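Quick notes on the structure that follows.
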Amino acid sequence: MTLRLGPGEVARFGRGSATCPVELRLDDEAISRLAGEIRVTDDHWQLSNLSTTQSYLVENPEGAGEYLRVPPRRAGAPIPFEFSRVVLPTRRNTTVAFQVFAPDHVYLDPDGMGDQWGSRTVTAYSLDETALYFLVLVALCEPRLRDESPVAVSTTPEIVERLRSHPACGQLTARAVSSHIDYLADEKMRISAPAEHGPRREARRNGKRETIVGLVLRFGLVREEHLALLPPRSGTGTQERGPVR
């Protein structure tokens, strides 16, 4: 299940009931009927913990173990991570969790930092080169960056296999790759298209990938030197051709 929220919109989560509806239903008896809510702002999101007894964790899956603890009754805690996992405790040996992609983070243009009198200049496409979605983007662009094909883009199974040996991608799934690609298209590149189903949906997804690759290569957002972020290709050993500098 995927929820898309715009600035100012709110989604509530918990067990829910007929008298306490929630947008994100979490089925565990240890979770309150109304456990919390997510509120979206222009460039980040806030978490309110409506439990009176339980703390929640917000983890950064792409970091080095960073996390925030949101205590009971904390309202509007700002979350700085661009990609987060919200973890709720249960009475079993497992936890209940869901993922949140933040609104597009805004970065200042370095060339505009000294302008103190006019309006701020921000980057048109703000990409974090340390984020997992950027690694997926590089893998998506790899065939064209290596001149293997002027038109081909990597498929989801190919990206999963390509990144499998990367330390951060051992548990990467096809569903996660698709989510990263949707995030790139909808939030980072702002590529919009009407919803489709069945074969037309798959064709639209392929068209979205091609549009992403064409856009980032045309503006130089992904370049040959970024190929160094990918793990060595199997069978190439140390002889793999590096990026041209």
- Task: Would you tally the residues in the range 37-92 being in a strand (DSSP E or B), under 24 Å from Ala168 (Cβ atoms), open to solvent by 20 Å² or more (accessible area, probe 1.4 Å) and of a type outside the set (Phe, Trp, Tyr)?
- Result: 5
- So which of Leu137, Leu145 is at pLDDT 90 or above and over 21 Å from the mean Cα position of the chain (by Cα)? Leu145
- Task: Determine whether Ile31 is touching a residue at least 24 places away in the same chain (Cβ under 8 Å) and surrounded by fewer than 19 Cβ atoms within 10 Å (Cβ to Cβ).
- Result: no
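Considering only residues that are in a helix (DSSP H, G or I) and within 13 Å of Leu137 (Cβ to Cβ), which ones fall in the range 214-229?
Gly214, Leu215, Val216, Leu217, His226, Leu227, Leu229
The values are calculated or read from the model by the stated rules, or taken from the named source; none is laboratory data. As the structure is a prediction and not an experimental result, all values here were calculated from the model. Cβ: placed from backbone, ideal geometry, glycine included. Neighbour counts: every protein chain shown. Keep in mind that these areas ignore ligands, DNA and RNA; they rest on the heavy atoms of the full protein, side chains included. Shrake-Rupley method; radii C 1.70, N 1.55, O 1.52, S 1.80 Å.
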